[in-house]
Amino acid sequence: MFLLKSIPKVDKFIENEQFNGLATSLVVSITQEVLQSLRENILKNKVESFSEDELVQTVVQKYNELTKPSLQKLINATGVIVHTNLGRSLIDTKTFDKVKEIVTSYNNLEYDLEKGKRGERYSHISKLICRLLGCEDVLIVNNNASAVFLILNTFAKKKEVIVSRGELVEIGGSFRVPDVMKHSGAKLVEVGATNKTHFSDYEDAINEKTSMLMKVHKSNYSIEGFSSEVEFKELIKLSKENSLIDYYDMGSGHLVDLPYGLDIYEPSVLKYMKEEPSLLSFSGDKLLGSVQAGIIVGKKEYIAKLKKNQLLRMLRVDKLTLAILEENIKSTLLGNIDDIPTLKMLFTEVDKLKENANILKRSIYNICTCNILETKTVIGGGTTPNRTIPTVALVIKIKEYKPAKMEKLFREKKVIGRIEDDKFLLDFRTINIDEIPRIEQIVKDIADV
Ligand SMILES: *Cc1c(COP(=O)(O)O)cnc(C)c1O
C-alpha cells in the first residue's frame, strides 16, 4: 500500500526538467500508460521498489522510440535492383529536385491555364505517354493491382472474363489475380491446363456473357518444358472477331530494350502496343523505374469508360506521383536512361562494377579478408522469372564472424547484404559509388579499428 501511495501524480511528474522541450500532450499520454502499468504491477506484487528517476527514463525512452523516424535510409547491397522490400525503384535526386518545386507550391494539377477553367489531372502525362507508346489515351492509378481491379470492375462486372489456368498467379504480398478478379465483381472463366492453353480453349469458352479476354504476365514464376500459351496477338484478333475487349496485365512491362537478352522474358510495352490492343496495364515502379503507380494505356473509348467509373476516385494518384512520373517518362522519351536509377543500375557494365568494388577493397583489405567475386543476381520485383544477370560482389569476412553474423552486423548499420554459398557479400549492382565511404566506415567499426 505504501508503494501505491508513492506513485507520483501526473501533473507534478510531468514538470520534471528532463521533459523540457518535449511535446506535453505526448509526455502526458505516455506517463499515464507507464504509471497505470506500474500500479497494476504493484497490485500483483511484482514491484518491490521504484524511483521517480527510473520512471522519467522509461517515459523519455518510450517518447524517443515513438518519435524517431520509422522509414529509414538503407544501403541495398543485395544486388536485387527492383527489391520490393527495400522500396522497389529509386527516384533520381535531380528528378526529385525538379518535382519539389511543383509539390511545394500550388500548381495546375486540375487547372487549364489557357481557358482559366477546371482541367484534367491526367492530361499532363497523356501527351508524353501517347507519344512514346503510340496509344490513344492513358490513365494513371495507384498501382497495377488497382489497374487490374478498375478494368475488371468497369468492363466485366457480372460478366465473364476468360483467362488461362497457367496465368492465375500469386505475385507476392499475397496479391492473387483470381482473388482480385472476384472482388471486382467479374466472373472468372479458367481455360486450358496449368502447362498448356490453346487458342481453341478461349474460342470454346466464349458465350453471350463473355466481356473480356485477359492475359496475365506470369511474372515471378515460369513454366518450362512441355508447355504452351496463346500469344496476346491471337487474343486481340479473337476479341475483335467477337466484339470483346482484350486486356493484358503485363506486370512490370518496360519501355526500353533490356540488356542480357531479357526482352524475351519480360514483355515490352512498345511491342504490344503495335498490335493495337484494347487495354494494357503495367507498374510504375518495376522496370519502368519510377514511382508506385498503375499505368493503363489503350483505346480512347475504353479509357473514357474507366474515367467515368466512380471507383477511380479511390484509386487516383496525387500530384507527387504525376510529377515524378512525368519527369521519368520524359527521360525515357529523350533516351536519358541515367536519370532513371533502376535502368542505370541494370545497364551498368561489369567492368564498371568491378572498378567500384575495387575502390572499397583497396580501402579495407588490410583490416579484413575480402575478395572480388564475379557472380550473378536477379532483377526482382517479380520480373524476368528465373533469369539472372552478371554482377560483381565483394566477399567480406571480419574477425572470425560467420556469414549470418556478418549479415546481422551490417544490417544493424543499415547495410543489407546477402549470403551466397556460405559467404557474406556486398553486391555492387545496387551499390551507388557515393555509398562506398559509408560502407568503408562500417567495416572499420565492425573490425574495431
Ligand atoms: C507486380 C504485378 C502486379 C501488381 O502490380 P503493383 O504495381 O505492385 O500493384 C499485377 N500483376 C502482375 C502480373 C504483376 O507482376
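The values are calculated or read from the model by the stated rules, or taken from the named source; none is laboratory data. Keep in mind that what you see is a predicted model, and the values were worked out from it rather than measured. So basically every Cβ, Gly included, is an ideal-geometry build from the backbone, and we count neighbours across all protein chains shown. With ligands, DNA and RNA removed, areas are computed over all heavy atoms of the protein, side chains included. Shrake-Rupley method; radii C 1.70, N 1.55, O 1.52, S 1.80 Å.
Assorted remarks:
- Residue match in the range 249-267 (condition: of a type in the set (Ser, Thr, Tyr) and more than 21 Å from the chain's Cα centre (by Cα)): yes
- When we screen Leu150, Leu113, Leu188, Leu133 for residues that are farther than 21 Å from Gly381 by Cβ, modelled with pLDDT of 90 or more and away from the ligand (no atom under 16 Å from the Cβ), the only hit is Leu113.
- The requirement of being closer than 27 Å to Leu312 by Cα and away from the ligand (no atom under 14 Å from the Cβ) is fulfilled somewhere in the range 198-210, by at least one residue.
- Within the range 205-223, considering residues that are among the charged types (D, E, K, R) and touching a residue at least 12 places away in the same chain (Cβ under 8 Å), the one surrounded by the fewest Cβ atoms within 10 Å (Cβ to Cβ): Lys209
- Residue pairs meeting the criteria (Cβ under 6 Å; at least 6 apart or on separate chains; first within 17 Å of Ile264 (Cβ to Cβ) and touching a residue at least 12 places away in the same chain (Cβ under 8 Å), in the range 242-254; second of a type in the set (Lys, Arg) and within 9 Å of the ligand (Cβ to nearest atom)): Ser252/Lys286
- Long-range neighbours under 6 Å by Cβ, at least six apart or interchain, first residue outside any helix (DSSP H, G or I) within the range 431-449, second surrounded by 12 or more Cβ atoms within 10 Å (Cβ to Cβ): Ile431/Ala77; Ala447/Ile367; Ala447/Cys368; Ala447/Ile398; Val449/Ile367
- Residues of the range 136-147 that are within 15 Å of the ligand (Cβ to nearest atom) and either among the aliphatic types (A, V, I, L, M) or outside any loop (DSSP other than H, G, I, E, B) (or both): Leu139, Ile140, Val141, Asn144, Ala145, Ser146, Ala147.
- Within the set Thr383, Thr391, Thr348, Thr375, the sole residue that is within 16 Å of the ligand (Cβ to nearest atom), closer than 18 Å to Val80 by Cα and either in contact with a Leu (Cβ under 7 Å, 6 or more places away or on another chain) or modelled with pLDDT of 95 or more (or both) turns out to be Thr383.
- Odd one out for Glu276, checked against (1) farther than 20 Å from Gly79 by Cα; (2) touching a Ser or Thr at 6+ places or on another chain (Cβ under 8 Å); (3) among the acidic types (Asp, Glu): (2)
- All positions within the range 279-317 that are open to solvent by less than 10 Å² (accessible area, probe 1.4 Å) and away from the ligand (no atom under 15 Å from the Cβ): Gly298, Ile303, Leu306
- Leading residue by the ranking (farthest from Lys300 (Cα to Cα)) among those in the range 150-198 that are in a helix (DSSP H, G or I) and open to solvent by 50 Å² or more (accessible area, probe 1.4 Å): Arg165
- Scanning the range 256-278 for residues that are buried (at least 21 other Cβ atoms within 10 Å of the Cβ) and within 15 Å of the ligand (Cβ to nearest atom) gives Glu266, Val269, Tyr272.
- Leu235 surrounded by 15 or more Cβ atoms within 10 Å (Cβ to Cβ) and more than 16 Å from the ligand (Cβ to nearest atom): no
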